[in-house]
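A.B. asks: Here you go, one structure.
The values are calculated or read from the model by the stated rules, or taken from the named source; none is laboratory data. Model, not experiment: these values are computed from the prediction. When we count neighbours, we look across all protein chains shown, and the Cβ atoms used for this are built from the backbone with ideal geometry, even at glycine.
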Amino acid sequence: MGCALHYCRARHGGVVKHRILYTKPSITEREVAYATDAAANGWGDRCYEYIDRFETLFKVHLGVKHAIATSSCTGALHMGLAALGVGPGDEVILADTNWIASAAPITYLGAKPVFVDVLPDTWCIDPAKAEAAITPSTRAVIAVHLYGNLCDMDALRDIGRRHGIPVIEDAAEAIGSVWHGRRAGSMGTFGTFSFHGTKTVTTGEGGMFVTQDDALYEKVLTLSNHGRARGQRKQFWPDMVGFKYKMSNVQAAIGCAQMERIDDLITRKREIFCYYRDRLCGLQGISMNPEPAGTQNGFWMPTIVFSPGTAITREKLQATFAAENIDARVFFWPLSSLPMFEPVASNCVAWDIPGRAINLPSHHEMTTTELARVVAVIETF
Ligand SMILES: *Cc1c(COP(=O)(O)O)cnc(C)c1O
């Protein structure tokens, strides 16, 4: 519990309520003990111990065969796309509504991100639009499970099968999300995760590459080790130019503690969302993260979208939350609206929603009083 002071004097003499952060990791004595042990003892012969354990814990949780811990989700995506052979002139399809980390690795490889519209209810890629965007240059479709909301994996995998195109899952925001019995990230040709400090499970910075495919795993393992293959007998002998996106043992130690608490971490995220939903569902003109039958949403980021008729704008929302000293984040700008990409204004849903939506604070240690403060702000609209 950070600040004991619930109120402090502002310079202009008024009373300012303490700040509510939108995210913050859940760190207990367990994380501190493991990290301390790694820092004190996790060297030499033991320099991979926590990394191996973290990968195993993650594999078991997700129900996948292979996992490679990385320094970021961006790095995991970069290596996975490289292993699939994505290169100059190729196209990779993904939703316009996204954080840039899902698109940047495509450009690193000289390929082109093709941005398609999202569905109005899940804010995730519209499978019909994805299929319509396929050309002879398409090498992959990336399914990003936005804010914990699940992409329609059945439709996407069906499209992938019919066109012979791999479907990749960027599940960075979807720890705890389950699609008809299968965890997000375990269904695609490969899946990627982020353990950035804002995510449900954190190592400070970090990521994970997962796959069920033995050959793809070997390829990424070699790439991840500067191109040195496992069976290579010669020392310091790379067989190709690879990457260096490794996770350190100290970071993995924190990750092990987080994975041992994974059920609690997911449960708390869900509790926070349910608190918001129970109190806000009676209000007219708003929608929140969906949870269709047969699925579970990890609710990484509780989000409200106001209907167009309410005339509530992003700017109005930001100003009101700021005045209450509550961090509320803007909904992702469409990537195609950014200066380095060509605008795709026909992605109507992706271009429209951010103007009337906001992410609510949802870190694990939020108190009921804090949650009530957020709800009270929304009720003023
Ligand atoms: C956070 C995030 C990333 C980036 O993860 P890093 O570990 O910072 O590289 C990628 N994709 C999505 C969907 C994310 O939310």
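A.B. asks: Determine the pairs where a residue that is closer than 16 Å to THR200 by Cβ, located within segment 52-81, has a partner that is more than 16 Å from the ligand (Cβ to nearest atom) and among the aliphatic types (A, V, I, L, M) with Cβ atoms under 7 Å apart, the partner being 6 or more residues away or on another chain.
C.D. replies: From residues that are closer than 16 Å to THR200 by Cβ, the pairs are PHE54/MET259; LEU57/MET259; PHE58/MET259; HIS61/MET259; HIS61/ILE262.
A.B. asks: Please work out which one of (1) under 17 Å from GLU342 (Cβ atoms); (2) in contact with a Gly (Cβ under 6 Å, 6 or more places away or on another chain) is the condition ALA95 fails and give its number.
C.D. replies: (2)
A.B. asks: Here is a follow-up. When the residues of segment 82-94 are narrowed to those that are within 29 Å of GLY255 (Cα to Cα) and either without any contact (Cβ under 8 Å) to a residue 60 or more places away in the chain or in contact with a strand residue (DSSP E or B) (Cβ under 8 Å, 6 or more places away or on another chain) (or both), which ends up nearest to the ligand (Cβ to nearest atom)?
C.D. replies: Here the residue is LEU94.
A.B. asks: Quick one: in segment 77-99, which of the residues that are in a strand (DSSP E or B) and among the hydrophobic types (A, V, I, L, M, F, W, C) is surrounded by the fewest Cβ atoms within 10 Å (Cβ to Cβ)?
C.D. replies: LEU94
A.B. asks: Let me ask another. Out of all the residues in segment 282-294, is one or more over 18 Å from the mean Cα position of the chain (by Cα) and either crowded, with 16+ Cβ neighbours inside 10 Å or charged (D, E, K, R) (or both)?
C.D. replies: Checked against the condition, which is being over 18 Å from the mean Cα position of the chain (by Cα) and either crowded, with 16+ Cβ neighbours inside 10 Å or charged (D, E, K, R) (or both), segment 282-294 yields at least one hit.
A.B. asks: Report whether or not ASP278 is part of a helix (DSSP H, G or I), more than 21 Å from the chain's Cα centre (by Cα) and surrounded by fewer than 17 Cβ atoms within 10 Å (Cβ to Cβ).
C.D. replies: When the stated conditions are applied, ASP278 passes them.
A.B. asks: Here's another thing I want to ask about it. Write out, first by first residue and then by second, each pair whose Cβ atoms fall under 9 Å of each other, whose residues are 6+ apart or on separate chains, and whose first residue, in segment 363-381, is more than 25 Å from HIS196 (Cα to Cα) while the second is of a type in the set (Asp, Glu).
C.D. replies: Pairs that qualify, where the first residue is more than 25 Å from HIS196 (Cα to Cα) and the partner is of a type in the set (Asp, Glu), are ARG373/GLU324; ALA376/GLU324; VAL377/GLU324.
A.B. asks: Oh, and also: Taking the condition small (Gly, Ala, Ser), within 11 Å of the ligand (Cβ to nearest atom) and within 21 Å of the chain's Cα centre (by Cα), does GLY181 pass?
C.D. replies: No.
A.B. asks: Let me ask something else about it. Any chance segment 189-209 includes a residue that's more than 16 Å from the ligand (Cβ to nearest atom) and touching an Asp or Glu at 6+ places or on another chain (Cβ under 7 Å)?
C.D. replies: Yes, that holds for at least one residue.
A.B. asks: Considering only segment 130-153, how many residues are assigned to a helix (DSSP H, G or I), in contact (Cβ under 8 Å) with a residue 24 or more places away in the chain and over 23 Å from MET301 (Cα atoms)?
C.D. replies: 2
A.B. asks: What about ALA143, is it at pLDDT 95 or above, buried (at least 23 other Cβ atoms within 10 Å of the Cβ) and touching a helix residue (DSSP H, G or I) at 6+ places or on another chain (Cβ under 8 Å)?
C.D. replies: Spelling it out, ALA143 is indeed at pLDDT 95 or above, buried (at least 23 other Cβ atoms within 10 Å of the Cβ) and touching a helix residue (DSSP H, G or I) at 6+ places or on another chain (Cβ under 8 Å).
A.B. asks: State which residue is surrounded by the fewest Cβ atoms within 10 Å (Cβ to Cβ) when the search covers only segment 120-139 and only residues that are more than 19 Å from the chain's Cα centre (by Cα) and of a type in the set (A, V, I, L, M).
C.D. replies: ALA132
A.B. asks: For segment 304-335, which positions are closer than 20 Å to ARG19 by Cβ and under 16 Å from the mean Cα position of the chain (by Cα)?
C.D. replies: Hits for segment 304-335 are ARG329, VAL330.
A.B. asks: Same structure again: Only one of (1) within 16 Å of the ligand (Cβ to nearest atom); (2) assigned to a loop (DSSP other than H, G, I, E, B); (3) of a type in the set (A, V, I, L, M, F, W, C); (4) in contact with a Gly (Cβ under 9 Å, 6 or more places away or on another chain) fails for TRP123. Which number is that?
C.D. replies: (4)
A.B. asks: Listed residues ASP154, ASP170, ASP158; which is modelled with pLDDT of 95 or more, buried (at least 24 other Cβ atoms within 10 Å of the Cβ) and more than 14 Å from LEU119 (Cα to Cα)?
C.D. replies: ASP170
A.B. asks: Continuing with the same structure: ILE175 is checked against (1) away from the ligand (no atom under 14 Å from the Cβ); (2) among the β-branched types (Val, Ile, Thr); (3) buried (at least 20 other Cβ atoms within 10 Å of the Cβ) and fails just one. What number does that condition carry?
C.D. replies: If we test ILE175 against (1) away from the ligand (no atom under 14 Å from the Cβ); (2) among the β-branched types (Val, Ile, Thr); (3) buried (at least 20 other Cβ atoms within 10 Å of the Cβ), just (1) comes out false.
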